Amino acid sequence: MTRDEMRSLVHEAITDILPSVALERITDAAHLRDLGADSVDRVEIIISLQDRLGIDRPMAEFSDIPDIGALVGYLWKVRQQ
């Protein structure tokens, strides 16, 4: 999976949980909170991504990820392992 494919997967998971968010708002610099995701939404997005990728990482590992670009990079790196 390429980084661009990972980015598309992240965008898809976000819009599944937050359907009112326009794709152009989902930038690498945006945080899920910037898109209106509350704590439950953020957990649902992370769980959805882990399910789609077949990975199981502790939720605490996601707490310090500053933005969507970093989330894409983190997931891409984990998937490569």
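Give me the compactness ratio for the chain, meaning the Cα radius of gyration over 2.2 N^0.38 Å. Cα Rg divided by the expected 2.2 N^0.38 Å: 0.98. Taking other residues whose beta carbon is less than 13 angstrom from the beta carbon of ASP67, and scoring Lys, Arg as +1 and Asp, Glu as -1, yields +1.
Seen against the Cα atoms of the chain and their longest principal axis, helix 68-80 is set at about 20 degrees.
Laboratory data are not the source of any read-out in this text; all were calculated from the coordinates shown. Please read all numbers here as calculations on a predicted model, not as lab measurements. Neighbour counts run over all protein chains shown; Cβ positions are idealised from the backbone, glycine included.
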